[in-house]
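> My structure is below; once you've seen it, I'll send some questions.
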Amino acid sequence: MVGSGRSTISPRPGSWIQKPRVVFSVDMTTAPFSGGDTRRRVLGDLTVGLPVALVVAIATWSLLDLPATYTLRVLALYAAVSGLILTTVPADLPGPGFGLANRITLARLLPLLSLAALAVRAGELGVAGRWWVVLLGTAIMVLDGVDGRIARSTSTQTRFGARFDMETDAFLLLVLSVLVWADGRAGAWVVLIGAMRYLFVAAAWLLPALRVELPPSLRRKVVCVVAGIALLVSLGPIIPDPIAAGVAAVGLAAITWSFAVDVVWLLMNHRARR
């Protein structure tokens with residue numbers, strides 16, 4: 001939490017949507033809990049989320065006639081994500097437990113884990129599998145933005161919430177791009193759509209100039225939504241392979257251009273400050 005007033009933080013380039021959820025408030029109508037109490041409450045939310053994740057996983061397993069190991073992969077992913085959340089959630093998280101905004105982000109993450117577990121068998125999706133991926137992916141995208149609006153309306157914006165939302169968005173792009181490639185809809189180059197953000201983070205370790213926070217940008221919001229839609233369209237069963245590859249190429253070109261614009265701005269800004 002900040003000391004007084006408000007401050008804004010811009011997510012890294014390539015985040016799904018640059019939304020003002022990252023504006024912090026010091027409205028103390030919802031006082032923060034202690035670290036241990038916060039983690040216990042968040043653990044309660046994660047416990048509630050587990051059966052939901054299982055329902056989606058079992059539905060996917062049944063619909064696509066997958067081996068029993070598929071559900072185990074989903075459970076392993078859920079355990080890993082839960083551990084990461086519990087080790088990174090701040091002690092001063094406002095409100096009880098996760099808070100409504102973060103619960104919505106968690107709700108987006110649950111079906112995403114089922115999609116991620118499909119990656120190793122994406123070549124066997126078939127028509128039903130592709131429609132199922134498109135359905136779940138669309139639902140995840142539609143919910144994006146709801147969490148931010150709720151966080152602002154309840155004055156519960158936090159750095160953790162912004163990062164949780166951003167990582168979920170980035171993971172969605174990565175999973176969808178892997179599914180498009182593994183299903184044979186486009187070449188391995190399509191994975192760059194989802195890997196772009198992670199490549200940027202890796203580059204930032206080497207180039208300090210890339211670690212500066214970027215100002216909000218409508219261009220990033222539009223480009224990242226376009227990339228997500230392009231991946232879902234590429235997976236559409238009614239889309240011929242050549243068109244699917246072409247649509248994916250448009251998504252890759254758009255997100256590459258967006259990252260290039262941000263990298264150039266960061267490098268020029270760094271040079272101007274020296």
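Throughout, read-outs are computed from the coordinates displayed, never taken from laboratory work. It should be emphasised that the depicted structure is a prediction, and the values quoted were computed from it without experimental measurement. Every residue, glycine as well, gets a Cβ built from its backbone with ideal geometry; the counts of neighbours run over all protein chains shown.
> For the stretch 185-219 and the stretch 96-137, what is the centre-to-centre distance using only Cα atoms, to the nearest Å?
If we compute the Cα centre of each part, the gap is 22 Å.
> Can you put 207, 54, 46, 179 in order of Cβ neighbours within 10 angstrom, beginning with the fewest?
Details: 207 13, 54 17, 46 21, 179 28.
The fewest-first ordering by Cβ neighbours comes to 207, 54, 46, 179.
> Just rank 81, 191, 180, fewest to most, by other beta-carbon atoms within 10 angstrom.
If I rank by nearby Cβ atoms, fewest first, I get 191, 81, 180.
> Same structure, new question: If you average the C-alpha positions of the stretch 41-60 and of the stretch 140-169 separately, how far apart do those two centres end up, in angstrom?
Between the Cα centres of the stretch 41-60 and the stretch 140-169 lies a distance of 19 Å.
> Something else now. By average Cβ neighbour count within 10 Å, what is the ranking of 243-254, 227-238 from highest down?
Values: 243-254: 19.4, 227-238: 21.7.
Listed from highest to lowest mean packing, they are 227-238, 243-254.
> I would also like to ask the following. Mean residue ellipticity at 222 nm from the helices of the chain, using -39,500 (n - 2.57) per DSSP H segment of n ≥ 4 over the full residue count, to the nearest 500 deg cm²/dmol? Let's see the in-between values first.
Values: 9 runs with 185 residues, N = 274.
Taking each H run of at least 4 residues, the total per residue is -23500 deg cm²/dmol.
> If we sort 104-110, 183-189 on the protection proxy, mean other Cβ atoms within 10 Å, highest first, what's the order? Show your work: numbers first, answer last.
Values: 104-110: 22.1, 183-189: 17.4.
Listed from highest to lowest mean packing, they are 104-110, 183-189.
> Over the chain, calculate the relative contact order: mean separation of alpha carbon pairs under 8 Å at least 6 apart, over the residue count, as a percent. Spell out each step's value before the answer.
Details: 387 pairs, mean separation 73.2, N = 274.
So the answer I get is 27 percent.
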